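Nothing in this text is a laboratory measurement; each read-out follows from the coordinates by a stated rule. Owing to the predicted nature of the structure, the values given are computational and were not obtained by experimental measurement. With ideal geometry, Cβ positions are generated from the backbone for all residues, glycine too; neighbour counts draw on all protein chains shown.
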Amino acid sequence: MSNVGILMLIFATCVLLVGLYMFTGHKLGIIAWKAAFKGLTKEGWKNVGKWTMISSIVIYLIAVLAIIFNWE
């Protein structure tokens, strides 16, 4: 198995979990101080979480391709 693929699967899972956390309406303190995220409502955090979860699908696809083609 490809080591890169395994690491990307772990990373994609972490990104998915952070997106799920934001989608449930929680404020993520590490990015809340940036100008783009100041004053977001609960619905705004849900939207950011939704798009974070969607972007994790791309990472999952790359990881699966890395495992199939045995990229190292």
*Just a yes or no: is a residue in region 27-44 surrounded by 14 or more Cβ atoms within 10 Å (Cβ to Cβ), within 30 Å of N70 (Cβ to Cβ) and not hydroxyl-bearing (S, T, Y)?*
no
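Kindly state which helices (runs of 4 or more DSSP H) lie completely within the chain and contain at least 3 residues that are aromatic (F, W, Y).
Details: elements: 3-23, 29-32, 42-68.
Fully inside the chain and qualifying: 3-23, 42-68.
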*Applying the selection to region 56-72, what residues are of a type outside the set (A, V, I, L, M) and surrounded by fewer than 13 Cβ atoms within 10 Å (Cβ to Cβ)?*
F69, N70, E72
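Could you look through region 3-21, keep only residues that are of a type in the set (V, I, T) and surrounded by 15 or more Cβ atoms within 10 Å (Cβ to Cβ), and pick out the one that is nearest to V48 (Cα to Cα)? Working first, answer last.
Step one: filter region 3-21 for residues of a type in the set (V, I, T), giving 4, 6, 10, 13, 15, 18.
Imposing the further condition that a residue be surrounded by 15 or more Cβ atoms within 10 Å (Cβ to Cβ) reduces the set to 4, 15, 18.
Working: V4: 27, V15: 12, V18: 10 Å.
Checked region 3-21; the qualifying residue nearest to V48 (Cα to Cα) is V18.
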